[in-house]
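Please read the structure below before turning to the comments.
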Amino acid sequence: MKIFLKTEDEIELMRQANRLVGKTLGELAKHIRPGVSTLELDCIADTFIRDHGAVPTFKGFPNPYGGPFPASICTSVNDVVVHGVPSKDEVLKEGDIISIDCGTLLNGFNGDSCYTFCVGEVSEEVRQLLKVTKESLYLGIEQAVAGHHLGDISYAVQSHCEAAGYGVVRELTGHGIGREMHEDPQVPNYGKRGNGVMLKAGMCIAIEPMITMGKRDVYLKQDRWSVCTRDGKPAAHYEHTIAINKGKAEILSSFEEIESYTNC
């Protein structure tokens, strides 16, 4: 394992990349409604990112199971936990939820964030899943300070979500981030307090709870990208990129632009 500590100058470049991710997701929030295809959302994101001088990191991202990722964002609808592939045939409808994961490469550094959006009005049961998942993200971030351990983050996410009766996916994790989209260390959403790598100032990680309404079991679809809940129940996914300090962690990405346009 090789963990790269970032300088303040490097963290500033990461702020810029992550701010662009937040703005991109905010732009997408304006267009999420029944009747819109996930491919339309991908085209909007691709244009927005490139118009702001960056490259969509996900496009062409290698897949150990097959070919490169064909789109600029991941669009994971309802029971798709992560890595949903945009399609002209996948049209959003009232009551759906869609998790949009977005990455940008700007000035040599990566930004990465995800948000689960409501399409029109969703059930109260689904809304509660989204609420608890988002809460767990911020509880994890509270533990992300120098001197703590990765397990402190993991435990905070797991304990909050499982107490609400939800499943915590084991097969997928958060990650370190910097010049590469995926760097060491992995950041699981389950674990024990005090376990794992000790956190140090200058570490930059993406924390991303992936939480299911039902059981935590998942499977990979035939497209070799989309990871779905085995019981067909919906899943939520929120993600922030953060920089670890001696005190409170700094959230480099942002939901501010998103939450100006969404009712979730």
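The values are calculated or read from the model by the stated rules, or taken from the named source; none is laboratory data. Worth saying up front: this structure is predicted, and the values here are computed from it rather than measured. Every residue, glycine as well, gets a Cβ built from its backbone with ideal geometry; the counts of neighbours run over all protein chains shown. For accessibility, only protein heavy atoms count, side chains too; no ligands or nucleic acids. Shrake-Rupley method; radii C 1.70, N 1.55, O 1.52, S 1.80 Å.
Out of all the residues in segment 164-173, is one or more on the phi > 0 side of the Ramachandran plot and either outside any loop (DSSP other than H, G, I, E, B) or surrounded by fewer than 18 Cβ atoms within 10 Å (Cβ to Cβ) (or both)? Explain how you work it out, then say what you get.
If we filter segment 164-173 for residues that are on the phi > 0 side of the Ramachandran plot, which is where we start, we get 165.
Now narrow it down to the ones that are either outside any loop (DSSP other than H, G, I, E, B) or surrounded by fewer than 18 Cβ atoms within 10 Å (Cβ to Cβ) (or both): 165.
Yes - at least one qualifying residue is present in segment 164-173.
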(request) Go through segment 192-214 and give me each residue that's in a loop (DSSP other than H, G, I, E, B), open to solvent by 50 Å² or more (accessible area, probe 1.4 Å) and touching a strand residue (DSSP E or B) at 6+ places or on another chain (Cβ under 7 Å). (result) Asn195, Gly196
(request) Would you list the strands (runs of 3 or more DSSP E) that sit entirely within segment 219-264 and hold 3 or more residues that are modelled with pLDDT of 95 or more and in contact with a Leu (Cβ under 8 Å, 6 or more places away or on another chain)? (result) 240-243
(message) Against the definition (touching a Cys at 6+ places or on another chain (Cβ under 9 Å) and of a type in the set (Gly, Ala, Ser)), how does Ala249 come out, yes or no?
(response) no
(message) Checking Val157 against (1) touching a residue at least 60 places away in the same chain (Cβ under 8 Å); (2) hydrophobic (A, V, I, L, M, F, W, C); (3) in contact with a helix residue (DSSP H, G or I) (Cβ under 9 Å, 6 or more places away or on another chain): exactly one of these is not met. Which one?
(response) (1)
(request) Would you mention how many residues in segment 174-191 are part of a loop (DSSP other than H, G, I, E, B) and in contact with a helix residue (DSSP H, G or I) (Cβ under 8 Å, 6 or more places away or on another chain)? (result) 6
(request) From (1) closer than 19 Å to Ile258 by Cβ; (2) surrounded by fewer than 19 Cβ atoms within 10 Å (Cβ to Cβ), pick out the condition that doesn't hold for Gly26. (result) (2)
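Given Arg19, Arg33, Arg15, which one is farther than 25 Å from Pro209 by Cβ, of a type in the set (D, E, K, R) and at pLDDT 95 or above?
Numbers: Arg19 fails: farther than 25 Å from Pro209 by Cβ; Arg15 fails: farther than 25 Å from Pro209 by Cβ.
The unique qualifying residue is Arg33.
Within the bounds of segment 42-54, is there any residue that is among the hydroxyl-bearing types (Ser, Thr, Tyr), farther than 17 Å from Gln222 by Cα and over 16 Å from the mean Cα position of the chain (by Cα)?
Checking segment 42-54: at least one residue is among the hydroxyl-bearing types (Ser, Thr, Tyr), farther than 17 Å from Gln222 by Cα and over 16 Å from the mean Cα position of the chain (by Cα).
Would you call Glu94 among the acidic types (Asp, Glu) and touching a residue at least 60 places away in the same chain (Cβ under 8 Å)?
Details: among the acidic types (Asp, Glu): yes; touching a residue at least 60 places away in the same chain (Cβ under 8 Å): yes.
The answer is yes for Glu94.
Go through the residues of segment 148-157 one by one and say whether even a single one is polar (S, T, N, Q) and open to solvent by 30 Å² or more (accessible area, probe 1.4 Å).
Pass one, segment 148-157, residues polar (S, T, N, Q): 154.
Adding the requirement that they be open to solvent by 30 Å² or more (accessible area, probe 1.4 Å) leaves none.
Checked segment 148-157: no residue is polar (S, T, N, Q) and open to solvent by 30 Å² or more (accessible area, probe 1.4 Å).
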(request) Output the residue which, of all residues in segment 237-255 that are over 23 Å from Gln158 (Cβ atoms) and under 15 Å from the mean Cα position of the chain (by Cα), is surrounded by the most Cβ atoms within 10 Å (Cβ to Cβ). (result) Leu252
